[in-house]
Amino acid sequence: MVNWIINHGLSAFIVAVWMAINIFLFVHFYLFYDQGPQFEYTRELLGSALPWARAPAAVLNFNCMLILLPVCRNLLSLIRGSFMCCGRTVRKQLDKNLTFHKLVAYMIALMTAVHTVAHLLNVEWYSNSLDGRYGPLAGNLSILDDSPELNTTYLNPIRSTSTTPTVFVFTTIAGLTGVVITLALILIITSSMEVIRRSYFEVFWYTHHLFIIFFAGLVFHGAGRIVRSQQETDPPHNNERCEDQPEIWGKIPECPIPQFAGGFPQTWMWVIGPMIIYLCERLLRFIRYMQPVSYRKIVIRPSKVLELQLVKSGFKMEVGQYVFLNCPAISQLEWHPFTMTSAPEEDFFSVHIRSVGDWTEKLISMVEKLPEGGQGPKMGVDGPFGTASEDVFDYEVSMLVGAGIGVTPFASILKSIWYKFKDSNPKLRTKRIYFYWLCRETHAFEWFADLLQVHEKEMEERGMRDFLTYKLYLTGWDQSHADHAMVHFDKDTDIITGLKQKTHYGRPNWDREFEQVRQDNPSSVVGTFLCGPQALAEVLEKKCAKYSDVDPRRT
């Protein structure tokens, strides 16, 4: 429980506060519309559907205010930099931005469904009230005429018996924008499903931009003012005395004709701030896109891995950060994230791109057709943006786990460590690093082996062999691999990588690895970093909890 509180306590607290605000808004506005005296006559027409429509609207306003903020990458990077003085636990929340974005989206979807169903009932009941189906009071309230001077007398927005609910929905501002908003939301949510996002990224990407239509409709949605409340009159209208005698309205001082008005639209006030922030975000991305990027080096690595070394004026990075790349020759709108494999100390930044989809396949194909020494296609770069990997140097001991191409952030980290040792950087707090790389193919090790060889030699020369402990695991192997390894077992270097550390076959025994780290570091805080699949993340999370001591003086 203590480990859970340390790792997830703040996240759970943030979600609990968010949920509490949602519940408060729902209950508060439900009671406001269910018991408010200004809506007494409105409830005569609509019944309980009135609060069931308006309470979700308040929750929607709050969540529509939040939905854009977690995807403002530059804002998050600014906050991350401002929080460097704060603890890791606070900064760690920024890495869960997309999780929170999805959580808010689920709430928007739920409240939209409730809001839509309730308002469809409201339109039906407005029509039925005008037809006199709900008694004389509802009928009389529905046929109140417009005031020529103020246009505030009427209560029922359906003014003619010939106007059917369907016609009303498609001919009013509130109805038409509601239909557009709902359709946009349905397309956005359905195209965000994991199976579509993984298999048809372009579908997800383009339909997600329907958020522009969603927010435009949202701003104008309340302008129709179809939910109307009773206004103060002089003399005041006494509901208790007058509601049963509509025939005397306007004939005696105690019962003037009741007047009604729609509420002032409020949604735009909730969303205008985040919309401006997001607009600035997109403007900054466009400015970065227009800045020229040149190629320093292009290398096609084994296993269809493309290495791009790029140069951009004024570009500064930290270890483990990532950039978004856009290639106009492939798509003007698509931006894809790639972790940088270069170190901050280098005068360029590099990315390693594996062929895993249409966009990457097209890019690699274009590069393969380039003449010797030719410049690659025009590339737009947005970033860099921060990740949890920036915190590696905040720990005295770090465990780094990379799976496949997930090794890229650790390439940046290991390069930076090499430069820090080379320059004898006194700010380096890290005393020991354990590095694990899991890969399916032998060829995939090749591009990274050179870096590890440099580290091996550097650590030996400095008498710091224990500083970097690394283990490479070949997970996709057959008996021929094993037989070949056994024949050459007595060689000083590994037959696959050329490193002194031999390659392991199969997957790590994580219990043994964590126990070894705990024994080697009996009084250290160990940071465990993964770039890899979710299933492996869950395994490592459990091992971290299992091998952590509650006593802060221990591991």
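The values are calculated or read from the model by the stated rules, or taken from the named source; none is laboratory data. Owing to the predicted nature of the structure, the values given are computational and were not obtained by experimental measurement. With ideal geometry, Cβ positions are generated from the backbone for all residues, glycine too; neighbour counts draw on all protein chains shown. These area figures cover heavy atoms from the full protein model, side chains too; ligands, DNA and RNA do not enter into them. Shrake-Rupley method; radii C 1.70, N 1.55, O 1.52, S 1.80 Å.
How big is the dipole moment of the chain about its Cα centre under a simple scheme where the beta carbon of each Lys and Arg is +1, that of each Asp and Glu is -1, and everything else is neutral? Debye, nearest 20, please. Working shown, then result.
Numbers: 53 positive and 56 negative charges, 306 e Å.
It works out to roughly 1460 debye.
Solvent-accessible area assigned to carbon and sulfur over the chain amounts to 60 percent, based on a 1.4 Å probe. Summarising the label geometry, the points placed 7 Å from Cα in the beta-carbon direction at residue 333 and residue 8 lie 3.7 nm from one another. The magnitude of the dipole of region 293-451, with charges of +1 and -1 set on the Cβ of Lys/Arg and Asp/Glu and taken from the Cα centre, is near 180 debye. Solvent-accessible area per residue in the chain equals 51 Å², computed with a 1.4 angstrom probe and all protein chains kept. Among complete DSSP H helices in the chain, those whose alpha-carbon atoms stretch at least 30 Å along the helix's long axis and whose mean Kyte-Doolittle hydropathy reaches 1.0 are 2-35.
Taking the average, over residues, of other Cβ atoms within 10 Å as the packing measure, peptides 128-141, 515-528 rank 128-141, 515-528 from highest down.
Here residue 297 is the anchor, and the lysines within straight C-alpha reach of less than 27 Å, apart from those fewer than 8 places off in the same chain, are 312, 316, 362, 369, 378, 415, 420, 422, 457. Ranked by the mean number of other Cβ atoms within 10 Å of their residues, highest first, the peptides 290-301, 103-114, 267-278 fall in the order 103-114, 267-278, 290-301.
Considering only DSSP beta bridges where both residues belong to the chain, give the percentage that are antiparallel (nearest 5). Intermediate values should be presented prior to the final figure.
Values: 26 of 48 bridges.
Of those bridges, close to 55 percent are antiparallel.
Scanning residues 5 or more positions from residue 260 or on other chains, those with amide H under 5 Å from its amide H are 153, 154, 231, with H placed 1.01 Å from N in the peptide plane.
With runs of 4+ DSSP H residues as the only contributors, calculate the mean residue ellipticity of the chain at 222 nm using -39,500 (n - 2.57) per run, divided by the residue total and rounded to the nearest 500. The helix contribution divided over the chain gives -15500 deg cm²/dmol. The mean sequence separation of alpha-carbon pairs under 8 Å and at least six residues apart, normalised by the residue count of the chain, gives a relative contact order of 10 percent.
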